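Asker: Have a look at this one before I ask anything.
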Amino acid sequence: MNVSPRVRCRRDERVSAPIRPPRRRRSRVSQLDISREEQRVLHALAQGGTIVALKDDHDRITGIECFNRDGWLMPQVALLHFKKLKRKKAIASADGRPYRITRRGLELVRAEGDNR
């Protein structure tokens, strides 16, 4: 004999099983999906750096320049890393300003020893 998960109190009323709180949504991108070079870029951005996109006549991004918080250019940042970080929503630009780190990017970046 099957027992229904609902308990009948009266003919018209039914009491359901207790309602569970909604599950927290897990992000699709974990920390393991970030390469070492992307970690370096995110760390520089988390400390106050920016990425300036270089565009052609048709407003397509042809190159990038990544600056740390002191204004020094980071030469090891490639356009491939920029596109990956943008796809993972770790960086964003608003109103034509340089790209900055997002909250998602701050979640992805791991701590490094040279923090001040």
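The values are calculated or read from the model by the stated rules, or taken from the named source; none is laboratory data. None of these values were measured; they are calculated from a predicted model. Here Cβ is always computed from backbone atoms with ideal geometry, including for glycine, and neighbour counts include all displayed protein chains.
Asker: Output the residues belonging to region 45-56 that are touching a residue at least 12 places away in the same chain (Cβ under 8 Å) and either in contact with a strand residue (DSSP E or B) (Cβ under 6 Å, 6 or more places away or on another chain) or in a strand (DSSP E or B) (or both).
Answerer: Within region 45-56, Leu45, Ala46, Gly49, Thr50, Ile51, Val52, Ala53 meet the criteria.
Asker: I'm trying to understand the selection: among the residues of region 66-80, which are of a type outside the set (A, V, I, L, M, F, W, C) and modelled with pLDDT under 90?
Answerer: Hits for region 66-80 are Pro75, Gln76.
Asker: Yes or no: region 16-32 includes at least one residue that is modelled with pLDDT under 90, of a type in the set (A, V, I, L, M) and within 18 Å of the chain's Cα centre (by Cα).
Answerer: Yes, because at least one residue in region 16-32 is modelled with pLDDT under 90, of a type in the set (A, V, I, L, M) and within 18 Å of the chain's Cα centre (by Cα).
Asker: Kindly provide the set of residues from region 57-89 that are in contact with a strand residue (DSSP E or B) (Cβ under 7 Å, 6 or more places away or on another chain), under 18 Å from Ala46 (Cα atoms) and touching a residue at least 12 places away in the same chain (Cβ under 8 Å), ordered by number.
Answerer: Ile64, Glu65, Cys66, Phe67, Asn68, Met74, Val77, Phe82, Leu85
Asker: Moving on. Kindly indicate which of Lys55, Lys89, Lys83 is in contact with a helix residue (DSSP H, G or I) (Cβ under 6 Å, 6 or more places away or on another chain), modelled with pLDDT of 75 or more and of a type in the set (D, E, K, R).
Answerer: Lys89
Asker: Thr50 is checked against (1) at pLDDT 95 or above; (2) more than 20 Å from Val109 (Cβ to Cβ) and fails just one. What number does that condition carry?
Answerer: (2)
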